[in-house]
Amino acid sequence: MFAAVCVAAQEEDPLCVEVTLTGTGGGPVLYNGLAAHGTLVTYGLKSKKCRGVANLQFDIGRGTTLRLSEIGMQPALPPARTPENQLTKIFLTHMHLDHTEDLSTYLRAKWLFSPVAAAPLQAPIDIFCSKDVTSEVRGLFLAPMQPPSARVTNVTTSCQGLVAAASAEVTGSGELAQRLAERPSRKSGGPVDMATVNTFEWQNENLKIVWEDSANNITVSAIGTNHIPGHNSYRIDFPVGSVVIGGSSSNDISDPNNRTTSASDQLLALANGADILVQSVIHPIMKDTGNTGAAYPLDFFYRQTQAKDLGALAQQAGVKTAMLSHMIPAVGAPFWGAWTIPDVENPTVAGPGLSFRDYKREVRKGFVSASPIPKIIVGRDLKSRTIPHRILKVANTQNLNASSRRVHLL
Ligand SMILES: [Zn+2]
């Protein structure tokens, strides 16, 4: 009886997945109000904007919280708004600030309002990321593609360290003590108490499931990819389709003379048959900036996926839609940080900045066959794409858990 109701309801109001780019700025550069990297992947009923069963945020760079607020997602809310309007999990690709900078902003807001927020929002949010990785890092800026003798330092990248620092500002400023004195019902540790860190071993040989909602048939898997140590790419499988978050991945071989593509081999496997792939890209114009001023460091250039190689990967993997994000440089930017952007037609002179068409044209250069042709979306903040609604089989509807049944029947 219940299953029949569900099926009837789903025909009118099916479950769907929506992918929203919450920030498309590439790297720590500040430009024209763009938020830094982040992608929201949600799953729920069409009538709820595909939200409410799972609202998963992948990276949370500068400005993410503002972008989320523009689409109704908040760290603290009244009870009636919680299932569709709150993040349920946060996944981090790597420990670069343009991917993590708003985590403390999010946790601070969650902590401030937690005593009066809806009950689900008073609990800490799960954050998923690599365990600490200690590795050799070579000195940058010594010379392009510096020799092995360049300065080498052991560095530990630590997601736990990042989260532990979330209370640092309010502790240092005295606001933590002030706020606790005003309202002792706030958690005493401050914003850090609003997060639960779930770490997993970083490795690039095996795909591993890092979070699973078996009641709703959702899995999030991770595999290590090259960019900096500890960097992961993710695949999210829903009953209605799959989304892959490449992050800032690049090929494991950093030397451009010893590889055929700047794209990650692990990402190629991970993206197999995915409905939507979101990936950082760099335009080859960044290799030529020395013609117009300071040269963009080649080690920075080669640790990103070039737009053309993303096109090849998307086609080889059979991806239906590739969304470009974290673009270096941003569309329309005549300069990117300290680097002047050359004219795309004549790299010896400064140009007006790249267009959406310039990026698409570059991606298409990577296509090697007439079909299948992936749809290419050149990202801008809050650009979204929905996986086409599909009617679930009865077997799947019976697996919806209690909370989503409630959502479903509203
Ligand atoms: Zn990075």
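Below is a table of values for the structure above.
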read-out	value
FRET efficiency estimate (nearest 0.05) - Cβ-Cβ, residue 368 to residue 160, R0 45 angstrom	0.60
Summed side-chain charge close to residue 307 - residues other than residue 307 whose Cβ falls under 10 Å, Lys, Arg +1, Asp, Glu -1	+2
Distance in nm between pseudo-label sites at residue 214 and residue 360 (7 Å out along the Cβ direction from Cα)	4.5 nm
18 Å cut-off, amide nitrogen to a point 7 angstrom out along residue 255 Cα→Cβ, residues in the stretch 268-307	298-304
Label-to-label distance, nm, for residues given as residue 136 and residue 206 (7 Å Cα→Cβ offset)	2.7 nm
Percent of alpha-carbon pairs separated by more than 19 Å within the stretch 245-384	48 percent
Residue-count net charge about residue 295 - beta-carbon cut-off 12 Å; Lys, Arg +1, Asp, Glu -1	-1
Tensor-based shape of the chain (alpha-carbon gyration tensor, a/c under 1.5 rounded, otherwise prolate or oblate)	oblate
Peptides ranked, highest mean first, by Cβ atoms within 10 Å: ranges 96-103, 359-366, 195-202	96-103, 359-366, 195-202
Relative contact order, percent, the chain [alpha-carbon distance under 8 Å, six or more residues apart]	18 percent
Per-selection Kirkwood Rh - the stretch 145-290 (Cα, Å, 1 d.p.)	18.8 Å
Rounded D (µm²/s) - the stretch 310-364, Kirkwood Rh over Cα pairs, Stokes-Einstein at 10 °C, 1.306 mPa s	129 µm²/s
Charge sum, other residues only, whose C-beta stays under 14 Å from residue 270's C-beta, Lys/Arg counted +1 and Asp/Glu -1	-3
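Taken together, the values in this text are just the output of simple stated rules run on the coordinates, not laboratory data. Just so you know, these numbers come straight off a predicted model, no measurement behind them. Glycine also receives a Cβ, built like all others from the backbone with ideal geometry; neighbour counts cover every protein chain displayed.
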